[in-house]
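The values are calculated or read from the model by the stated rules, or taken from the named source; none is laboratory data. Bear in mind that the values here come from a model prediction, so they are computed numbers and not experimental data. Virtual Cβ from ideal backbone geometry, glycine too; neighbours counted across all protein chains shown. These area figures cover heavy atoms from the full protein model, side chains too; ligands, DNA and RNA do not enter into them. Shrake-Rupley method; radii C 1.70, N 1.55, O 1.52, S 1.80 Å.
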Amino acid sequence: GQALKLCPDLMVMPGRFNEYKKASQSMRQIFEDYSDLIEPLSLDEAYIDVSASGRCHASATLMAQEIRQRIERDIGITVSAGVASNKLLAKVASDWQKPNGITVVPPAQADAFSARLPLRLLPGVGAVTAQKLKAMGLESCGDVRQLGVKPLVRRFGKFGARLYENA
């Protein structure tokens, strides 16, 4: 509605859900070539645990590159990927170089990578929570780690504990 107010000549095209679903299913078939452990998050997002896969010399980075290439070649769309040792870092990494990028967080660099992360990139931290955290002097995961869990639990309850764990 806001876009039409700002641009009355805007042409709004209807979504093509069947095409999106078809592309999603095709991507899933590609993922299954690398792992049986696939956790879909939405039509265009999934976690793939490739830790037991022997493909690409058992390199998660090479698998992510190959998956991205196959999706572009076979389906005609580009995707971003995050390679990391846990879901949270993989999700953040996949968002890091959108669109059409790949970010790899090697296990030895996971701690340093996450310490620099802005808190707004963590799940559950929206604009309001980010402002509350900033008012407490907290802008990065490293800041949260230094503060400790107890003040966060006092201020945010269970979410404070989850925030600390994620940081």
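From the list Ser53, Ser24, Ser35, which one is open to solvent by less than 80 Å² (accessible area, probe 1.4 Å), polar (S, T, N, Q) and in a helix (DSSP H, G or I)?
Within the list Ser53, Ser24, Ser35, the selection yields Ser24.
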So Gln109 clears everything in (1) under 17 Å from the mean Cα position of the chain (by Cα); (2) at pLDDT 95 or above; (3) of a type in the set (S, T, N, Q) except one condition, right? Which one?
-> (1)
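Taking the range 100-124 as the region of interest, how many residues are assigned to a loop (DSSP other than H, G, I, E, B), closer than 20 Å to Gln65 by Cα and open to solvent by less than 60 Å² (accessible area, probe 1.4 Å)?
Within the range 100-124, the subset assigned to a loop (DSSP other than H, G, I, E, B) is 100-101, 105-106, 117, 122-124.
If we keep only those that are closer than 20 Å to Gln65 by Cα too, we end up with 100-101, 105-106.
With the extra rule that they be open to solvent by less than 60 Å² (accessible area, probe 1.4 Å), the set shrinks to 101, 105-106.
Selection size over the range 100-124: 3.
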If you check Met27 against the conditions, is it among the hydrophobic types (A, V, I, L, M, F, W, C) and free of Cβ contacts under 8 Å to residues at least 40 places away in the same chain?
-> no
In the range 140-158, which residues are surrounded by 15 or more Cβ atoms within 10 Å (Cβ to Cβ), out of contact with any Phe, Trp or Tyr (no Cβ under 7 Å at 6 or more places or on another chain) and either among the hydrophobic types (A, V, I, L, M, F, W, C) or part of a loop (DSSP other than H, G, I, E, B) (or both)?
-> Cys141, Leu147, Val153, Phe156
Of all residues in the range 45-78 being closer than 17 Å to Pro99 by Cα and of a type in the set (Lys, Arg), the one that is farthest from the chain's Cα centre (by Cα) = Arg73
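Looking at Ala93, Ala84, which one is surrounded by 12 or more Cβ atoms within 10 Å (Cβ to Cβ), modelled with pLDDT under 95 and not acidic (Asp, Glu)? Quick ask: steps written out before the conclusion?
Details: Ala84 fails: modelled with pLDDT under 95.
Of the residues listed, the single one that is surrounded by 12 or more Cβ atoms within 10 Å (Cβ to Cβ), modelled with pLDDT under 95 and not acidic (Asp, Glu) is Ala93.
Yes/no matrix, rows are residues, columns are (1) among the charged types (D, E, K, R); (2) touching a strand residue (DSSP E or B) at 6+ places or on another chain (Cβ under 7 Å):
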| site | (1), (2) |
| --- | --- |
| Glu19 | yes, no |
| Ser35 | no, yes |
| Ala46 | no, yes |
| Val50 | no, no |
| Ser53 | no, no |
| Ser59 | no, no |
Exclusive hit being free of Cβ contacts under 8 Å to residues at least 12 places away in the same chain and basic (Lys, Arg), set Arg55, Arg73, Arg68 = Arg73
